[in-house]
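The values are calculated or read from the model by the stated rules, or taken from the named source; none is laboratory data. Predicted, not measured: the structure shown is a model, and the values here were computed from it. Cβ placement follows ideal geometry from the backbone for every residue including glycine, while neighbour counts extend to all protein chains displayed.
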Amino acid sequence: MSEIIEPLRGMNDVLPDEARWWQRLESAARAAFAQYGYREIRVPLLERTQLFKRAIGEYTDIVEKEMFTFEDRDGGSLALRPEATAGIVRAAISNGLLHNQRHRLFTFGPMFRGERPQKGRYRQFHQIDAEAFGYEGPDIDAELILVSARLWKMLGIERVRLELNSLGTAEARARYREVLRAYFAKHEARLDADSRRRLVGNPLRILDSKNPELAELIAGAPLLTEHLDEGSREHFAGLRARLDEAGVGYTLNPRLVRGLDYYSRTVFEWVTDALGSQNAVCSGGRYDGLVTQLGGTPTPAIGWALGMERVVMLMQELGCAAAAEVPHVYFVLAGAAATARGLRLAEEVRDAQPRLRIETDLGGGSFKAQFKRADKSGAAVAVVLGDQELARGVAAVKPLRGGGEQQDSGFADLPACLARLVDAAGPARQDPGR
């Protein structure tokens, strides 16, 4: 026997029982984006490494330690995308989407980071991204946060809270970097090796340190909010006023800087106390300078990314309802002729009643065994077709939930008959235990 090939560490399979939770999240997100006029964009998994170095920042953990990079046959460096925003900006520039235009966009898909796998943090993980281009004022900041808040409502998620901060303009942040550099330089002996290196490159990254020995030092650092430019103060005040008016609660977190260098002005995170240390479930902010940084014309932009694995974990932890993709109707077939006619009959029902989910028992077996599988499937109604029914030109229809007598239906009347019985049976069972 050949040796079993194991999956790569940190890259997980999503099995059918788990996938229904993902489907619930995806369908709710699509519905929310449709309500706000966001359109889907799809971008490659593989990009030039330089894209992420320029966008994310050379002194971030993502670029320095976590990206999956390799050399192509022509000697160039390629990378699996560690996040989606840089690729979406590149696509918008490459395809001329930003010339005097405004866009609200979203995408779904896998991202890749070579970090130590743990619960809620994997080497292949999945995100839902929302991005908006061409909007300068705080209105779009508020709307994007409202889209995420709407999604929590649709999913039934309550144990999340919003944290807000402003990073100011690039110029204000440059001045703050020097203040921060001077502060940490006075305490350089207390810094770890990573922080000493970042002290030269980008001292803001020291604020992201997870080293508990630096917590007290970081807590005493000057606050960025004390060094904001006037325009950023006004923008942030406008955002807060709009969230207050919309009834969205939030907490100001002056230490929230986000792990990507392209952010400016508004930054935010939705966090939860239900998942332990992996508490951030949706994060984002403005990146007004990124389009120019990647070669495009100056364009205001903002977006957020939602970690699908973490939100699925949160849904399960809080007992939110998952999608129930059980069949409405189960066809029980006996005999070669009846099986052949039953397959065709199921197609006729699907044509006439597209909303009905129909499963056909294949592979034979006794009526008892097939009815056992029909019950386990969660279906509301069974259609029975054997040699006797076929000879009479009818199908036997048996309700499986809530009682009701078995009845015969002609083939032509079967679609309408099944629709009535399914509607009378009510919602499909949530957990059929298949």
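Restricting attention to segment 231-255, the residues that are outside any helix (DSSP H, G or I) and hydrophobic (A, V, I, L, M, F, W, C) total 2. In the set 157, 128, only one residue is touching a strand residue (DSSP E or B) at 6+ places or on another chain (Cβ under 6 Å), in contact (Cβ under 8 Å) with a residue 24 or more places away in the chain and among the β-branched types (Val, Ile, Thr); that residue is 128.
Can you spot a residue in segment 342-360 that is in a loop (DSSP other than H, G, I, E, B), of a type in the set (A, V, I, L, M, F, W, C) and without any contact (Cβ under 8 Å) to a residue 40 or more places away in the chain? No: zero hits.
For segment 91-105, does any single residue satisfy the condition of being within 30 Å of residue 325 (Cβ to Cβ) and either under 14 Å from the mean Cα position of the chain (by Cα) or in the same structural domain as residue 145 (by TED's automatic domain parsing) (or both)? Scanning segment 91-105, I find at least one residue that is within 30 Å of residue 325 (Cβ to Cβ) and either under 14 Å from the mean Cα position of the chain (by Cα) or in the same structural domain as residue 145 (by TED's automatic domain parsing) (or both), so the answer is yes. Considering only segment 8-34, state which residues are exposed (fewer than 11 other Cβ atoms within 10 Å of the Cβ) and either at pLDDT 90 or above or among the acidic types (Asp, Glu) (or both). Residues satisfying the conditions are 8, 9, 13, 15.
Quick one: in segment 97-107, of everything that is modelled with pLDDT of 95 or more and over 13 Å from residue 301 (Cβ atoms), which residue is surrounded by the fewest Cβ atoms within 10 Å (Cβ to Cβ)? Step by step, filter segment 97-107, then rank; the result is 107. Can you report the number of residues in segment 135-159 which are modelled with pLDDT under 95 and in contact with a Ser or Thr (Cβ under 7 Å, 6 or more places away or on another chain)? Qualifying residue count, segment 135-159: 1. Would a scan of segment 323-333 turn up a residue that is over 23 Å from residue 399 (Cβ atoms), assigned by TED's automatic domain parsing to the domain that holds residue 411 and outside any strand (DSSP E or B)? No - not one qualifying residue is present in segment 323-333.
Among the helices (runs of 4 or more DSSP H) confined to segment 122-222, the ones with at least 2 residues that are over 19 Å from residue 257 (Cβ atoms), among the acidic types (Asp, Glu) and out of contact with any Asp or Glu (no Cβ under 8 Å at 6 or more places or on another chain) are located at 138-155. Taking (1) in contact with a strand residue (DSSP E or B) (Cβ under 8 Å, 6 or more places away or on another chain); (2) in the same structural domain as residue 106 (by TED's automatic domain parsing); (3) under 25 Å from residue 300 (Cβ atoms); (4) surrounded by 13 or more Cβ atoms within 10 Å (Cβ to Cβ) in turn, residue 252 satisfies each apart from (4).
For every residue, the table says whether it meets (1) surrounded by fewer than 17 Cβ atoms within 10 Å (Cβ to Cβ); (2) in contact with a Phe, Trp or Tyr (Cβ under 7 Å, 6 or more places away or on another chain).
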{"position": "174", "(1), (2)": "yes, no"}
{"position": "191", "(1), (2)": "no, yes"}
{"position": "194", "(1), (2)": "no, no"}
{"position": "203", "(1), (2)": "no, yes"}
{"position": "210", "(1), (2)": "yes, no"}
{"position": "214", "(1), (2)": "no, no"}
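For segment 35-48, what are the residues that are assigned to a loop (DSSP other than H, G, I, E, B) and within 12 Å of residue 91 (Cβ to Cβ)? 41, 42, 43, 44 - these are the residues of segment 35-48 that are assigned to a loop (DSSP other than H, G, I, E, B) and within 12 Å of residue 91 (Cβ to Cβ). In segment 283-303, the residues that are touching a residue at least 60 places away in the same chain (Cβ under 8 Å) form Cβ pairs under 6 Å with partners that are among the acidic types (Asp, Glu) and surrounded by fewer than 18 Cβ atoms within 10 Å (Cβ to Cβ), at six or more places apart or across chains, as follows: 300/136.
Would you point out the residue of segment 275-308, among those that are closer than 16 Å to residue 121 by Cβ and touching a Lys or Arg at 6+ places or on another chain (Cβ under 8 Å), that is surrounded by the most Cβ atoms within 10 Å (Cβ to Cβ)? Selected residue: 281. For residue 422, are the conditions met, namely being over 30 Å from residue 29 (Cβ atoms) and touching a strand residue (DSSP E or B) at 6+ places or on another chain (Cβ under 7 Å)? Here the answer is no, as residue 422 does not meet what is asked.
Screening residue 51 on (1) at pLDDT below 95; (2) under 15 Å from the mean Cα position of the chain (by Cα); (3) part of a helix (DSSP H, G or I) shows it passes everything except condition (2). Candidates in segment 49-74 are the residues that are hydroxyl-bearing (Ser, Thr, Tyr) and within 14 Å of residue 198 (Cβ to Cβ); of these, the one that is surrounded by the fewest Cβ atoms within 10 Å (Cβ to Cβ) is 59.
Tally the residues that are modelled with pLDDT of 85 or more and closer than 27 Å to residue 292 by Cβ, restricting the search to segment 64-77. So the answer is 5.
Looking across segment 86-120, just one residue is of a type in the set (A, V, I, L, M, F, W, C), without any contact (Cβ under 8 Å) to a residue 40 or more places away in the chain and outside any loop (DSSP other than H, G, I, E, B), and that is 111. From the list 379, 338, the one residue that fits, being touching an Asp or Glu at 6+ places or on another chain (Cβ under 9 Å), part of a loop (DSSP other than H, G, I, E, B) and not hydroxyl-bearing (Ser, Thr, Tyr), is 379.
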